[in-house]
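**Student:** Questions regarding the structure given below will be posed in turn.
The values are calculated or read from the model by the stated rules, or taken from the named source; none is laboratory data. Because the structure is predicted, anything quoted here is derived from the model rather than measured. A quick note on method: Cβ atoms are made from the backbone with ideal geometry, for glycine too, and the neighbour counts reach across all protein chains shown.
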Amino acid sequence: MADSNELEALKASFRGAIATAEALAALKDRIESLSAANLPSPTDLDDLARITAAHSIASAALRGLVVTMLARRESSPQA
C-alpha cells in the first residue's frame, strides 16, 4: 500500500519543481533579447541567480524523493 505522506511529498516536490521552471521560463524573453549592445542588468543577473538556485534545489529534492521511492519499491517483498 502506498504511503499517503510519501505521495503528498511527491506532489509537493513536483509542484515546487514546476513552479521554479515556470519562473525560469518567465525570464526567457529578457535573456533571449540580450546582445553585446544590451548586456544583462544587475537585476537580470540577480533574478537569474535566485531562480536558477531555487530550480536546482527543487529539482534535486524531487529527484532525491523519486530515487528513494524507487529504492524502497525495489527492496519491497511485493516488488
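**Student:** Just wondering, is there one or more residues in region 42-58 that are more than 23 Å from the chain's Cα centre (by Cα) and under 25 Å from T20 (Cα atoms)?
**Tutor:** Of the residues in region 42-58, the ones more than 23 Å from the chain's Cα centre (by Cα) are 42.
If we keep only those that are under 25 Å from T20 (Cα atoms) as well, we get 42.
There is at least one residue in region 42-58 that is more than 23 Å from the chain's Cα centre (by Cα) and under 25 Å from T20 (Cα atoms).
**Student:** Related question: Within region 1-27, how many residues are in a helix (DSSP H, G or I) and over 22 Å from T52 (Cα atoms)? Give the derivation first.
**Tutor:** First, pick out the residues of region 1-27 that are in a helix (DSSP H, G or I): 4-25.
Now drop any that are not over 22 Å from T52 (Cα atoms), which leaves 4-8.
Of the residues in that region, 5 qualify.
**Student:** Within region 28-38, take every residue that is assigned to a loop (DSSP other than H, G, I, E, B) and not polar (S, T, N, Q) and give me the one that is nearest to S4 (Cα to Cα). Show your work before the answer.
**Tutor:** Start the filter on region 28-38 by keeping residues that are assigned to a loop (DSSP other than H, G, I, E, B), which leaves 33-34, 36-37.
Subsequent filtering for residues that are not polar (S, T, N, Q) retains 34, 36-37.
Working: L34: 46, A36: 52, A37: 53 Å.
The extreme case among them is L34.
**Student:** Also, quick follow-up: If I go through region 39-79 residue by residue, how many of them are of a type in the set (S, T, Y), part of a helix (DSSP H, G or I) and free of Cβ contacts under 8 Å to residues at least 24 places away in the same chain?
**Tutor:** Final tally of qualifying residues: 4.
**Student:** While we're looking at this one, here's another question. Kindly provide the set of residues from region 32-75 that are over 24 Å from A12 (Cα atoms), surrounded by 11 or more Cβ atoms within 10 Å (Cβ to Cβ), modelled with pLDDT of 95 or more and among the acidic types (D, E), ordered by number.
**Tutor:** D46, the sole residue that qualifies.
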